[in-house]
Amino acid sequence: MSIDIYAADEQHDHEIDLERWVDLARGSLTDEGVRGIAEVSLIFADEPTIADLNQQFMGHEGPTDVLSFPIDDEPEPTGRVPDAGGSGPGEPPLAEIPQLIGDVVICPAVAARNAVEHEVPFDDEVALLVVHGVLHLLGWDHVIDEEAERMEARERELLTRHYRASST
């Protein structure tokens, strides 16, 4: 089993421990039943970048804390029909096509403001956003109250299992 998480810190507002957040995302994906070869991107972006994404994809103005972009469709097999092997003779088929799950984009600057508002440490807020974003990739939602309660309960379970607050 291999869950590859491609992480990038594309902002300069807050120091980000990419390895810590990758581990949290991977633990959450595993607990949610992701198996086999899978890929997720975890990107920490600045406010202008996330504001642009929020406007373009959600139709909302201004920066937000987290956006998730699930990849809904499984990749189509390539190669010849009927064997869906390689692109030509003598080329073996792929053992397994990676499951492209999607991208999570987090804005640490907005997370920092949320942390102050909620009176929690910055890292606790980022941890919540990582788990929240991952659950959205996997189809969880919070549009109606009942869904929100289930999602919040699952977030707490995953955070309890995979996140340890830093001692600083």
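The values are calculated or read from the model by the stated rules, or taken from the named source; none is laboratory data. Model, not experiment: these values are computed from the prediction. FYI the Cβ positions are ideal-geometry reconstructions off the backbone, even for glycines, and counts take in every protein chain you see.
Of note:
- Screening LEU158 with (1) farther than 22 Å from GLU39 by Cβ; (2) modelled with pLDDT of 95 or more; (3) surrounded by 14 or more Cβ atoms within 10 Å (Cβ to Cβ) gives one miss only, at (1).
- Across the range 43-75, the number of residues qualifying as over 14 Å from the mean Cα position of the chain (by Cα), surrounded by 12 or more Cβ atoms within 10 Å (Cβ to Cβ) and among the acidic types (Asp, Glu) comes to 3.
- Cβ separations smaller than 7 Å between residues 6+ apart or across chains give the following pairs from the range 139-164 residues that are within 13 Å of ALA25 (Cα to Cα) and in contact (Cβ under 8 Å) with a residue 24 or more places away in the chain to residues that are in a helix (DSSP H, G or I) and among the β-branched types (Val, Ile, Thr): GLU155/VAL131; LEU158/VAL131; LEU159/VAL131.
- Taken over the range 40-56, the criterion of being hydrophobic (A, V, I, L, M, F, W, C), touching a residue at least 40 places away in the same chain (Cβ under 8 Å) and either under 18 Å from ALA111 (Cβ atoms) or not in a strand (DSSP E or B) (or both) is satisfied by LEU42, ILE43, PHE44, ALA45, ILE50, LEU53.
Matching residues to (1) modelled with pLDDT under 95; (2) over 25 Å from ILE37 (Cα atoms); (3) buried (at least 18 other Cβ atoms within 10 Å of the Cβ); (4) in contact with a strand residue (DSSP E or B) (Cβ under 9 Å, 6 or more places away or on another chain):
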| site | (1), (2), (3), (4) |
| --- | --- |
| PRO77 | yes, no, no, no |
| ALA84 | yes, no, no, no |
| SER87 | yes, no, no, no |
| VAL104 | no, no, yes, yes |
| VAL110 | no, yes, yes, yes |
| VAL120 | no, yes, no, no |
| GLU125 | no, yes, yes, no |
| HIS132 | no, no, yes, yes |
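- Count of the range 15-39 residues, restricted to those that are closer than 19 Å to TYR163 by Cα and outside any helix (DSSP H, G or I), is 6.
- Of the criteria (1) of a type in the set (A, V, I, L, M); (2) buried (at least 23 other Cβ atoms within 10 Å of the Cβ); (3) in a helix (DSSP H, G or I), which one ALA153 fails: (2)
- Test for GLY27: is it surrounded by fewer than 20 Cβ atoms within 10 Å (Cβ to Cβ), more than 14 Å from the chain's Cα centre (by Cα) and among the small types (Gly, Ala, Ser): no
- Put simply, of VAL40, VAL34 the only residue that is more than 21 Å from ASP65 (Cβ to Cβ) and buried (at least 16 other Cβ atoms within 10 Å of the Cβ) is VAL34.
- Residue check, ILE97 modelled with pLDDT of 95 or more and of a type outside the set (S, T, N, Q): no
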